[in-house]
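One structure is given here, and the rest of the page talks about it.
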Amino acid sequence: MDQQFLTSMAFIFLSFALYIGIAVYNRARQTSDFYVASRGVPPVWNGMAIAGDWMSAASFIGMAGTVMILGYDGLAYIMGWTGGYLLLTFLLAPQLRKYGRYTVPEFIGDRFDSHTARLIAAVGTMIISFVYIIGQLSGTGVVLGRLFEIDTAIATMIGVAVITVYATFGGMRGITWTQVAQFIILIIAYVVPVVFMSLQITGNPIPWLTYGDVVSKLGELDRELGISEYFAPFEQTNKAQFLALLFCLMAGTAALPHVIVRFYTVSTMKAARWSGAWALLFICMLYLTAPAYAAFSRFILMTEVAGRPFDALPAWTQSWIDTGRLKLIDQNGDGILQWSEISISNDIVVMATPEIANLGVFVVGLMAAGALAAALSTAGGLLIAISSSFAHDIYYRLINPQASEEKRLLVARVSIAVATIVAGIVALDPPGVITQIVAWAFSMAAGTFFPVLFLGVWWTRCNAQGAIAGMLSGMAVTMSYIIAARYFEFSLFGIIDTGAGIFGAPISLLATIIVSLATAAPSQKLQEEVMDLRYPEQMTYKDGEVWIHENTR
């Protein structure tokens, strides 16, 4: 065994032991622990847990690679995912927290006083979370398969086993503190290599100040090679697709059930707002670093790999060629690797960076631990969303309202195990690259939930029939477009499968409004509950007036 393998193994096993230890120590003992961590998480730590939950394998593994390959056009991912948090923090999160439920389906079911709406929302949550978790498990397989030099399928199932253990034990309480640890690990692992690359390429260890110069040099290299300039807009995709993807990622972020539920773990509306602010700060630490990653990796590939003889390529290339995610083909038969002869998957750019830049075995191991932390942290949150939708919203609220707390926890834990195994099986042969699969989940969230949640919070006239029509039509249109674009090469205005939510969301919005206006208005009680959501917790809305609690005067 070589030193790199042993170092990576040490990092991974230590991190796995840490996650499982935290989950066991903080294991859920009652349903409020399992679903909302007893609503006792401080805003700073919750913001860190949100960031850990949010920065998935798509962010850690796939985003910088996407920006490296697409250039300017890849920025839709950074702007969309970051901007969506502003929508969530200001438009939805505090209000949903004040309503005081455990899950998004529970909010929808109680807000509209409809078991049908609750059931549709629960099924929608499970579908969206299931699609999302496939991308995380696929990322786990990429990392472990490369490090252990084993088949990706076996590596994926190892990840499945670890996630199942700590998510089943800890519930939301355990996962919250696990995600805090995972955020710390992943952000250190993400920033350290790019600092070394900046120092190596520019002599300055502050990449956020230096990668602009590297981008300018990339433009010169692109012109010399006669290829599309790295920072030229809409060269790799059209403007309609860029804007559609941007919208889907923003609206999807604001409506993802596993993200929203993290805001239920704090004690007040104010704490929910501060959680969002802290989360945005922590998320920006990675998202402002991704463009630097992309620029440095592309620069090294163009200057130190492209142009070399095939028989003198760096040793790391063969390891990634063996995974099938890097292809180097001598198309013109001259024995020299041209830039156009390099085909690199988005998903390996960040993982291969320490080897590309020859940063040493310590950084390679750290990167592996960080990538796994990113995938596992999001997977844990998704499993809680799936579990709570089935065990709480369907089993407890609809099937067996008399179920004991012990039985509810058992159903929740069994549903986590089943969901993880089924998703792991699908992830053995994923239907796309990580960022693509994750973008589908965001499109479905944007088309299914965003209009209904937005109108449910801010429009008192919105009723159950409208919400049901909106969710069903939005989900149907979005999923149909994804399938048609992905498998039948169908497109409108040049928009591909990842931008499907741009069609589903307006249809959902119109359906919700039209059907709500065409049917009876909600009860006065429900309308007053909606009005009450707009005021701080020290104020309540009743009988057409805003009341201030005596103890706040």
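The values are calculated or read from the model by the stated rules, or taken from the named source; none is laboratory data. Note that the structure is predicted; figures quoted are calculated from it, not measured. Ideal geometry is used to build each Cβ from the backbone, glycine not excepted, and the neighbour counts take in all protein chains shown.
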- line: For Met302, the lone unmet condition from (1) buried (at least 17 other Cβ atoms within 10 Å of the Cβ); (2) within 29 Å of Leu137 (Cβ to Cβ) is (2)
- request: Taking Ser404 as the residue in question, decide whether it is touching a residue at least 60 places away in the same chain (Cβ under 8 Å) and among the hydroxyl-bearing types (Ser, Thr, Tyr).
  value: no
query: Taking helices (runs of 4 or more DSSP H) that do not extend beyond the range 207-317, which have at least 3 residues that are under 16 Å from the mean Cα position of the chain (by Cα)?
result: 239-255, 257-260, 269-287
query: Mind checking whether some residue in the range 116-135 is surrounded by 24 or more Cβ atoms within 10 Å (Cβ to Cβ) and under 30 Å from Ile227 (Cβ atoms)?
result: yes
task: Could you grab me the full set of residues in the range 259-288 that are surrounded by fewer than 20 Cβ atoms within 10 Å (Cβ to Cβ) and under 24 Å from Ser387 (Cα atoms)?
output: Ser267
task: Answer yes or no: is there a residue in the range 481-496 that is farther than 21 Å from Ala121 by Cα, modelled with pLDDT under 95 and touching a Lys or Arg at 6+ places or on another chain (Cβ under 7 Å).
output: no
message: With the requirement that a residue be polar (S, T, N, Q) and farther than 16 Å from Gly62 by Cα, what does the range 285-322 give you?
response: Thr303, Thr317, Gln318, Ser319
statement: Residue set Leu453, Leu428; condition hydrophobic (A, V, I, L, M, F, W, C), in contact (Cβ under 8 Å) with a residue 24 or more places away in the chain, within 17 Å of Ser389 (Cβ to Cβ) and in contact with a helix residue (DSSP H, G or I) (Cβ under 7 Å, 6 or more places away or on another chain); output residue Leu453
task: State whether one or more residues within the range 516-524 are hydroxyl-bearing (Ser, Thr, Tyr), part of a helix (DSSP H, G or I), modelled with pLDDT of 90 or more and closer than 30 Å to Lys239 by Cα.
output: no
- prompt: For the range 193-207, does any single residue satisfy the condition of being surrounded by fewer than 21 Cβ atoms within 10 Å (Cβ to Cβ), touching a strand residue (DSSP E or B) at 6+ places or on another chain (Cβ under 7 Å) and touching a residue at least 40 places away in the same chain (Cβ under 8 Å)?
  reply: no
message: So Ala352 ticks every box in (1) part of a loop (DSSP other than H, G, I, E, B); (2) under 18 Å from Ile201 (Cβ atoms); (3) not basic (Lys, Arg) but one. Which box is left unticked?
response: (1)
query: Can you pull out the residues in the range 326-347 that are at pLDDT below 75 and either surrounded by fewer than 22 Cβ atoms within 10 Å (Cβ to Cβ) or among the acidic types (Asp, Glu) (or both)?
result: Ser345, Asp347
statement: Ile394 meets each of (1) β-branched (Val, Ile, Thr); (2) crowded, with 24+ Cβ neighbours inside 10 Å; (3) over 24 Å from Gly74 (Cα atoms) with one exception, condition (2)
field: Hits in the range 436-460 - residues which are surrounded by fewer than 24 Cβ atoms within 10 Å (Cβ to Cβ) and assigned to a helix (DSSP H, G or I)
entry: Gln436, Phe454, Leu455, Val457, Trp458
field: Out of Arg397, Arg408, sole residue that is at pLDDT 80 or above, over 15 Å from Val160 (Cβ atoms) and of a type in the set (Lys, Arg)
entry: Arg397
field: Unmet requirement for Leu256, which otherwise passes all of (1) surrounded by fewer than 23 Cβ atoms within 10 Å (Cβ to Cβ); (2) modelled with pLDDT of 85 or more; (3) over 16 Å from Asp497 (Cα atoms)
entry: (1)
query: Hey, Phe454 hits all of (1) more than 14 Å from Phe130 (Cβ to Cβ); (2) of a type outside the set (S, T, N, Q); (3) at pLDDT below 85 but one; which does it fall short on?
result: (3)
